[in-house]
Amino acid sequence: MKLNRIVKKALTALAILLLFGLAKSPFENGLSRKLQEAKLIAPIPAGGLGGLIGQSTFLAVLGGLRPLVGIYTTLHAFDAWSFKEWDTVERDYAIITTLLPDDIDSWKTGAWHMAYNAAASELYDESVPPTVRKRNGRAWIIKGVEYLKKGIEQNPRSAVLQHELGDIYRQQLEEPCLAAKHYKLSMEGDYPKSFAQRFYAYSLARCPGREREAYDLLMRIYHDPEEKRTPSVIKRILELEEKLNIPAANRIPDPDPDLEILRRYPNAKLD
Amino acid sequence: MSVPAVEVRNLTKVFPLSLRKEYLVAVEDLSLTVNAGEVYGLIGPNGSGKSTTMKVVLGLMAPTTGSTKVFGIESRDVRSRNQIGFLPENPYFYKHLTAWETLKFYGKLCGMRGKELKDRAGELLALVDLEGARDRRLSGYSKGMLQRIGLAQALIQRPKLVVLDEPTAGVDPIGSRQIRDLIFKLKDDGISVFLCSHLLEQVQEVCDQVGIIANGRMWREGSLHDLIAIEDQTELVLRDASPELLDKIKALIESEAGGCAELIRSGHPRTTLETLFLDIVRESREAQDLKDREKLAAKEAKKQKPSSK
Amino acid sequence: MSDSVETLPRVPLFSPGRIWVLASSTFTQLVRMRTFYFLIVFAILVAAASNLDLLYTPAQKLRILKDASFGAMSIFSWLFAIAATAVLIPRDLEDRTLYTILSKPVPRLEYLLGKLGGVMLTIGVALVVMQVLFTGFLFFREVTVLASERQYLESQGEMSAADIQVQLDLIRAQGVQWQLLYALVAIFLKASVVAALTMLVSTFASSTLFTMIVSSIVFMVGHFHKLAAGYWLEEFGDSLFTKLIIKPIVMIIPDFRVFNVAENVVGGEPVSAAIMLSLTGLAALYVAVYSAVALYLFIDKEF
């Protein structure tokens, strides 16, 4: 008789909880959706992460310790970097940015490790014949580009990532047209305006067929009192004046004794 | 007519033992009354249902059938506890609190505040002789001290009924005497005391009313005086009686016409409560044995039936 | 002189004063159990994180400090909520303290709410202390990082003052912000729900260990059952299994993920007061319903 009562009580309690669950579900689900839309809670990193990290780490991630796992992995990647274990670095950054997809700095750092550090390390690996080195180095640069593109997909409004991608195209792959494209995109975000604009202009100046556009932009920068007449601006203008056969009357004056160097030694590197 | 301090009516308490239909009857059809201002001792061997009865009175357990009231209020009603001070067996209070903090904690639970509470706590510490240890944490207290702070805690809201469960268990003779004296003092102040114990000597000394419980049933109840008096026997207590005088008395009894009276024994009077208690315990055990044997026989019979089919 | 029922003082049916007495005593108990030694560990952790100087950009230096601190606060709060709540009631029972409390005029609801309140109070105080400690470190770190970054950018001479300002503002966004208090609140809310859940389990559990295990499992499942349910529903459709097992589980177990907003608030995502209000309401609802069911199981429990 008494045991029956206990069982009955347990069932009643369960029923109350179930009813409560039924009642609160719409509210809870709605809130959950709202939070995801507001980017306040991350959609669970499902399949992708399961293979990258261990089970316990996965539970920790679900248990609300995402940033901590992120920090741990960052430290791990740092360690791997100092030992030039590039594959580990690559995997670690895949984890970090899966965990923290909106952490711009991690995307940037990961891409930098791949496109610059790993690539350079391969390029100067003397144990490998030069042709192979070049190919290996280029592979890492491409990995960096792919990684950054993923980051941009996750953070379409990030000017920093666009600028970073422009940098890789300009410095590592020497693709001025592609570089110009991404610098241009970075001008639309919160990246320092003058900075982004100058890099756009520099790359545009080297992109075949777009010299006129580049010249107009550079001249606008040149005449804008707010902007700095950096040696690179002047150098590019001088180049384009030659290329586009700008009449002497319209050419810029020798602005600075320093620039005499450029006239005499056109190949001197100033930027 | 005043309301009794405790009124237990036909209390039965059954515990389920396991998922199968086995039950333990802890208390069976038990009735008792503690009148206001009286010291009532419930005695019985271990496992006889004393503690269960107390817990029902305190509202810590619900009766399976029957009812318990404290000053006329059902035990399940929180208000009934306003008038109760309870000291459990071997109490451990929050070890992290000092004696002073303990009394203040329990006083606050009873709705006491400020100066009233402080005064009362000080008074009680003096009463139980723990003033010197008031700022020590209870983790460093001896058993006797814990028992005393327990008693002080029970008295904090000036209850009219104090319930004591084995108040001197594990306490040395000096501590035991202190607690006994405190019970006398409570009685003098008109506070009803309901205590249970298996230490008969103590019960004999302080209780007005005694109930003897064994196997969950009340076997004998009454005033101590009545209980230990044996109705058809008369006791003569003589001082400095010579053997000759005793022989004369013996002869006188034997020569009595009709020969109804007989001399059962002569000698020094004994603590008769103990005798009574042991008799009852023996009696109850025998009754239990009989019950068990019957049960076993019934089970055997059941077992044999299907095999014969 | 007789004691009639009428002369007995009345006991209020519900007394916040008594709940406070029980809660503050529970707080004292937990504090004297040396719980707050954890704060020393926390301080060391925050100090270490604020001296971490790897390849981080200035904003990252601040973010790593925030992530580490809030991560530690989060772990502390739910771990403590489970462990402390699971231990409290059985301990009172073992020491017979429960007998002496319930034999005073204390309704059982007040006892439960007092214990729960004590745990929540302890977690709240610990969280506030950690927040203050960590905000101090963050502020100091922010000032240093900003100064060195400004100096660096100005020495490069390539950026206008306005551009530099934009950069510094981006760093400042990762520094001390009022929004961080919302993260604190979210962590507290989650811990409160966990504590109420653990209390509910402990009213029917037979041992402390059982309580801890069941509560931890519910807590963990509460983080991924929505995801798992989606998988099962896709895999098995509307089978009897999903109807009888999966759906009720998803229904009963809270979705703890909604309280994870702390992570992204710390990361700098803006959060509206309306959302915080919804979260608080949800947590309060959980605590209320769990307490009610706990009371239902506890009210005629026998000791």
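The values are calculated or read from the model by the stated rules, or taken from the named source; none is laboratory data. Please read all numbers here as calculations on a predicted model, not as lab measurements. Virtual Cβ from ideal backbone geometry, glycine too; neighbours counted across all protein chains shown.
How many residues are closer than 22 Å to B:ILE179 by Cβ and part of a helix (DSSP H, G or I) when one looks only at the range B:106-153?
Summing the residues that are closer than 22 Å to B:ILE179 by Cβ and part of a helix (DSSP H, G or I) in the range B:106-153 gives 27.
Evaluate the range C:262-283: report whether one residue or more is crowded, with 19+ Cβ neighbours inside 10 Å, more than 9 Å from chain A (Cβ to nearest Cβ), at pLDDT 75 or above and assigned to a helix (DSSP H, G or I).
Within the range C:262-283 (the criterion being crowded, with 19+ Cβ neighbours inside 10 Å, more than 9 Å from chain A (Cβ to nearest Cβ), at pLDDT 75 or above and assigned to a helix (DSSP H, G or I)), the answer is yes, since at least one residue qualifies.
Would you be able to say whether some residue in the range C:8-17 is within 14 Å of chain A (Cβ to nearest Cβ) and either modelled with pLDDT of 85 or more or surrounded by 13 or more Cβ atoms within 10 Å (Cβ to Cβ) (or both)?
no
Search the range B:142-152 for residues being among the small types (Gly, Ala, Ser) and more than 14 Å from chain C (Cβ to nearest Cβ), and hand back the single one that is farthest from B:ILE84 (Cα to Cα).
B:SER142
Please go through the range C:185-200 and give me each residue that is among the hydrophobic types (A, V, I, L, M, F, W, C) and in contact with a Phe, Trp or Tyr (Cβ under 8 Å, 6 or more places away or on another chain), ordered by number.
Scanning the range C:185-200 gives C:ALA186, C:ILE187, C:LEU189, C:ALA191, C:VAL193, C:VAL194, C:ALA196, C:LEU197, C:MET199, C:LEU200.
Just give me the residues in the range B:20-38 being surrounded by fewer than 24 Cβ atoms within 10 Å (Cβ to Cβ) and away from chain C (no Cβ under 14 Å), in sequence order.
Passing the criteria: B:ARG20, B:LYS21, B:GLU22, B:TYR23, B:VAL25, B:GLU28, B:ASP29, B:SER31, B:LEU32, B:THR33.
Of everything in the range C:284-303, what is of a type outside the set (A, V, I, L, M, F, W, C) and either free of Cβ contacts under 8 Å to residues at least 12 places away in the same chain or assigned to a helix (DSSP H, G or I) (or both)? Give them in sequence order.
C:TYR286, C:TYR290, C:SER291, C:TYR296, C:ASP300, C:GLU302
Inside the range A:202-233, can you point out the residues that are within 14 Å of chain C (Cβ to nearest Cβ), touching a residue at least 24 places away in the same chain (Cβ under 8 Å) and of a type outside the set (D, E, K, R)? I'd like the intermediate steps shown before the answer.
Going residue by residue through the range A:202-233, those that are within 14 Å of chain C (Cβ to nearest Cβ) are A:202, A:221, A:224-233.
Right, trim to touching a residue at least 24 places away in the same chain (Cβ under 8 Å) and you get A:202, A:221, A:226-233.
Across the range A:202-233, the qualifying residues are A:TYR202, A:ILE221, A:THR230, A:PRO231, A:SER232, A:VAL233.
Listed here are the residues, each with its yes/no results for (1) surrounded by 20 or more Cβ atoms within 10 Å (Cβ to Cβ); (2) within 12 Å of chain C (Cβ to nearest Cβ); (3) in contact (Cβ under 8 Å) with a residue 24 or more places away in the chain.
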| residue | (1), (2), (3) |
| --- | --- |
| B:LEU124 | yes, no, yes |
| B:LEU127 | no, no, yes |
| B:ARG134 | no, no, yes |
| B:ARG137 | no, yes, yes |
| B:GLY140 | no, no, no |
| B:ALA154 | yes, yes, yes |
| B:VAL162 | yes, yes, yes |
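How about the range A:118-185: which helices (runs of 4 or more DSSP H) wholly inside it have at least 2 residues that are under 19 Å from A:ARG210 (Cβ atoms), at pLDDT 90 or above and out of contact with any Asp or Glu (no Cβ under 7 Å at 6 or more places or on another chain)?
Correct list: A:159-167.
Would you confirm whether or not the range A:94-113 contains a residue that is within 14 Å of chain C (Cβ to nearest Cβ), buried (at least 23 other Cβ atoms within 10 Å of the Cβ), of a type in the set (Gly, Ala, Ser) and closer than 25 Å to C:VAL261 by Cα?
Yes - at least one qualifying residue is present in the range A:94-113.
Among the residues in the range B:182-204, are any touching a strand residue (DSSP E or B) at 6+ places or on another chain (Cβ under 8 Å) and surrounded by fewer than 17 Cβ atoms within 10 Å (Cβ to Cβ)?
Within the range B:182-204 (the criterion being touching a strand residue (DSSP E or B) at 6+ places or on another chain (Cβ under 8 Å) and surrounded by fewer than 17 Cβ atoms within 10 Å (Cβ to Cβ)), the answer is yes, since at least one residue qualifies.
Pick from the range A:114-139 the residues that are hydrophobic (A, V, I, L, M, F, W, C) and surrounded by fewer than 23 Cβ atoms within 10 Å (Cβ to Cβ): which of them is farthest from the chain's Cα centre (by Cα)?
Taking the candidates together, the pick is A:VAL128.
So that you can scan it fast, the table gives a plain yes or no per residue for (1) surrounded by 20 or more Cβ atoms within 10 Å (Cβ to Cβ); (2) touching a residue at least 40 places away in the same chain (Cβ under 8 Å); (3) within 22 Å of C:GLN167 (Cβ to Cβ):
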residue	(1), (2), (3)
A:ARG91	no, no, no
A:ALA159	yes, no, yes
A:GLN171	no, no, yes
A:GLU174	no, no, no
